[in-house]
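The structure appears below as structure tokens.
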Amino acid sequence: MTALAEPSRCRSIMQRSMRVDECFDKLSSSSDVDPRPRSHHPRLVPQRKRYVFVCVNRRPDGTPKGSCAARGSVEIHAALKAELQARGLARAEVRACTSSCLDVCWAGPIVAVEPDGYFYGRVTMADVPRIVDAFANGERVEELVLGTNEFDEPTAGPSLPMQVPTPSEGSSS
């Protein structure tokens, strides 16, 4: 005889199952537990359609492949964030975030667009309004989108020059 055919075993399983249900009912009726499904809870963090990750990785000066921060990505991130806010896109449409290295240093500054799955490369401050316009219109700036050859340094196009640090005011060198 199999375990499923044994009447006493079946009763035992049913009794345990009922005990679990009783416990769940008690928990659900407790004032400490909110019985509503999670889908009924208000979202604390707005869900946006897109997240853009701007690489702000900085390497020491003189590193051959450079870094996105040395090419102005910190300022690009700040400008993207401000422009998205000014256009009313930051709350529900697009969130500009910083990221560490995205491994395409030679094509930096890099901006990864998710969940769309493409990268903008060699982004400059002048590109920020066009990128935000494209987000607003559900498009992308095709000339900034990295092609498959750009993800391998030997086949990639030329890099943008590093920005020359400006001496801070009041310092003498």
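Given H placed on each backbone N at 1.01 Å, which residues far from R95 in sequence or on other chains put an amide H within less than 5 Å of it?
R50, Y51, V52
Based on the Cβ-Cβ distance of A82 and A126, what FRET efficiency does E = 1/(1 + (r/R0)^6) give at R0 = 22 Å, to the nearest 0.05?
0.90
Whose amide H sits under 5 Å from the amide H of I110, counting only residues 5 or more places off or on another chain, with H placed in the peptide plane?
Sorted by chain and number, the residues that satisfy this are C55.
Please turn the phi angles of the range 149-159 into ³J(HN,Hα) values with the Karplus equation 6.51 cos²θ - 1.76 cosθ + 1.60 (θ = phi - 60°), one per residue in order, whole Hz, x for glycine and proline.
Result, ordered by residue: 5, 6, 8, 10, 3, x, 9, 6, x, x, 7 Hz.
What residues qualify as long-range amide H neighbours of M162, i.e. H under 5 Å apart, gap of 5 or more or another chain, H built at 1.01 Å from N?
Residues meeting the amide H criterion: none.
Once you place label points 7 Å from the Cα toward the Cβ at E143 and R59, how far apart are they in nm?
In this crude label model, E143 to R59 measures out at 2.8 nm.
Can you put R87, R95 in order of Cβ neighbours within 10 angstrom, beginning with the fewest?
So the ranking, lowest neighbour count to highest, is R87, R95.
Residue by residue through the range 83-96, which ³J(HN,Hα) values in whole Hz follow from phi under the Karplus form 6.51 cos²θ - 1.76 cosθ + 1.60 (θ = phi - 60°), with glycine and proline marked x?
5, 4, 5, 4, 8, x, 9, 6, 6, 10, 9, 9, 10, 8
Can you list the GluC sites (Glu not before Pro) in the range 52-149 that are in a DSSP coil and have 14 or fewer other beta carbons within 10 angstrom?
Passing both the DSSP loop test and the Cβ count: E139.
No value in this document is a laboratory result; all are computed from the given coordinates. All values derive from a computational prediction rather than experimental measurement. With ideal geometry, Cβ positions are generated from the backbone for all residues, glycine too; neighbour counts draw on all protein chains shown.
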